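The values are calculated or read from the model by the stated rules, or taken from the named source; none is laboratory data. What you see is a predicted model; the values in this text were computed from it and never measured. Glycine gets a Cβ as well: all are built from the backbone with ideal geometry, and neighbour counts include every protein chain shown. These accessible areas exclude ligands, DNA and RNA; they are computed on the full protein's heavy atoms, side chains included. Shrake-Rupley method; radii C 1.70, N 1.55, O 1.52, S 1.80 Å.
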Amino acid sequence: MNTTEINKSCHYVKKCGACHIGDRTYEEELAEKKRQIEQFVKKYCPVKDMAGMYYPYHYRNKVHAVFGRKKDEVVAGTYEEGTHRIIPIKNCLIEDAQASAIIETVTELIKSFKLWVYNEDTGRGLMRHILIRKGMSTKQIMVVLVTAAPDFPHKNNFIAKLRELHPEITTIVQNINSQDTTMVLGEKSKTLYGAGYIEDVLCGLRFRISPSSFYQVNSAQAQVLYKKAIQAAMLSGKETVIDAYCGIGTIGMAMAAKAKRVIGIELNADAVRDAKANAKRNHIENIQFVAADATEYMTQMSEQGERADVVVLDPPRSGSTQEFVKAVAAIEPKRVVYISCNPETLGRDLEWFQKAGYKAVEAQGVDMFAFTNHVEVIVVMQYCGKGKN
Ligand code: SAH
């Protein structure tokens, strides 16, 4: 599809701030993102053209809106940047369209059931947020209604009406958030209908997604990214692979069929629990997950004489650390595949890898977030020996 022919505009764009749709064409945006990557990475290796989205709209599989009042109307939308004023948004161009339609219906139902909308200033009222998650390949849809208190008047009729109007919904969860906080979800959840979670299929594997689980918001491009990571790892079936900063284990699991053994290392114990459950439900036996700091765990491995053939890392925006790079070098992988969501920290880290004997071979951006400033990039490195760069 030629996206220049379908470039769209959104009249909330200046106020909402979530995207910059309409400022430039999608092709121009991809070229700009490539330039941003080049700025930090070009001195280490060539940068390929961005892998852009086929259709750069309605890609977000996770959609959130806050409820509020405007005069006598119940509205759902987002806070105007830097304020507590709600901008009612309909038909957002980057969010899933079914999710937008459900949000509109729930807003109408709140009005017709005469439920109170939560007021941030007074702390009174019930309905706070709505969160929708969709499995793009399974089409399963989860609606999370975030309320300020457990008691939900007319709950059964409300749910029945919502399901009647949107039979595509597969599960409905009530989450209770009574805290004065900017966090959307509170700690307690009650399943009101269905399983309480959805599933999605990514790279042929089935993942369970709970209301608060981390999951890539752009499923189609996550697959493009993971496939590139698998290709870059050049696995023959004999390798030990480390998936550092592994989250719920999606990348490592996608590589397991082509490797001898995979070790996923992740600091967050909840994510590790999800990762283990996901490995089990996909019958993957050559993967193990450890809840640990990636640097410490790899250092221990090297001290015990263990080695790895490939290291994949996907750190947060702050990037990696010099100690991490040393720990990687100590387990002597032939190849390192670096997935980054921040070209600037990536550039800094490539310098450390270069000093440790790893030469960057190629970099490519994969656009996960069309019409936003977020840039995702993958770099392949090869061990060349110290001083040979
Ligand atoms: N690779 C995953 C998610 C990566 S997000 C995916 O594609 O889905 C980055 C992850 O790094 C987060 O889950 C965070 O908890 C984890 N993390 C942050 N610091 C860490 C550290 N020092 N050691 C191990 N994991 C860490």
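Under a 5 Å amide H to amide H cut-off, with H placed in plane at 1.01 Å, what residues pair with MET368 once short-range neighbours are removed?
Those qualifying (amide H under 5 Å, at least 5 residues apart or on another chain) are GLU376.
GLU120 to VAL290: FRET efficiency via 1/(1 + (r/R0)^6), r the Cβ-Cβ distance, R0 35 Å, to the nearest 0.05?
Rounded to the nearest 0.05, the efficiency is 0.30.
If PHE113, PHE67 are ordered by their accessible area, calculated over protein heavy atoms with a 1.4 Å probe, which sequence runs from highest to lowest?
Ranked list, largest accessible area first: PHE113, PHE67.
Let me make sure I get this right: for the chain, a, b and c are the square roots of the gyration tensor eigenvalues over alpha carbons, sorted descending. Under 1.5 in a/c it's rounded, otherwise prolate if a/b > b/c, else oblate. Which is it?
prolate
What pairs from LYS43/LYS260; LYS15/LYS90; LYS161/LYS276; LYS260/LYS334; LYS71/LYS114; LYS71/LYS190 go past 25 Å between their alpha carbons?
Exceeds cut-off: LYS43/LYS260; LYS161/LYS276; LYS71/LYS190.
Provide, as a two-decimal number, the C-alpha radius of gyration of the range 331-389 over 2.2 N^0.38 Å, N being how many residues it has.
1.22
How much FRET efficiency would the formula 1/(1 + (r/R0)^6) give for SER112 and ASN373, where r is the Cβ-Cβ distance and R0 is 51 Å, rounded to 0.05?
Between SER112 and ASN373 the formula returns 0.85.
Rounded to whole Hz and in sequence order, give me ³J(HN,Hα) for the range 131-144 from the Karplus expression 6.51 cos²θ - 1.76 cosθ + 1.60, θ = phi - 60°, writing x for Gly and Pro.
10, 10, 10, 10, x, 5, 8, 8, 6, 6, 10, 10, 10, 10
If you filter the range 102-195 for trypsin sites (Lys or Arg not before Pro), then keep DSSP loop positions with at most 11 other Cβ within 10 Å, what is left?
Filter output for the range 102-195: LYS114.
Tilt of helix 343-355 relative to the longest C-alpha principal axis of the chain, in degrees (0 to 90, nearest 10)?
20 degrees
Report the GluC sites (Glu not before Pro) located in the range 66-119 that are in a DSSP loop and have at most 14 other Cβ atoms inside 10 Å of their Cβ, or state none.
GLU81
Which value in nm describes the separation of the simple spin-label points at LYS190 and SER318, placed 7 Å from the Cα toward the beta carbon?
It works out to 3.8 nm between the two label points.
Using 7 Å Cα-to-Cβ label points, what is the ARG307/ALA160 separation (nm, one decimal)?
6.8 nm
Kindly state, to the nearest 0.05, the FRET efficiency for ARG348 paired with HIS84, given R0 = 41 Å and r defined as their beta-carbon distance.
Efficiency for this residue pair is about 0.70.
Mind checking the dipole of the range 305-379: about its Cα centre, +1 per Lys or Arg Cβ, -1 per Asp or Glu Cβ, Debye to the nearest 20?
In total the dipole reaches around 220 debye.
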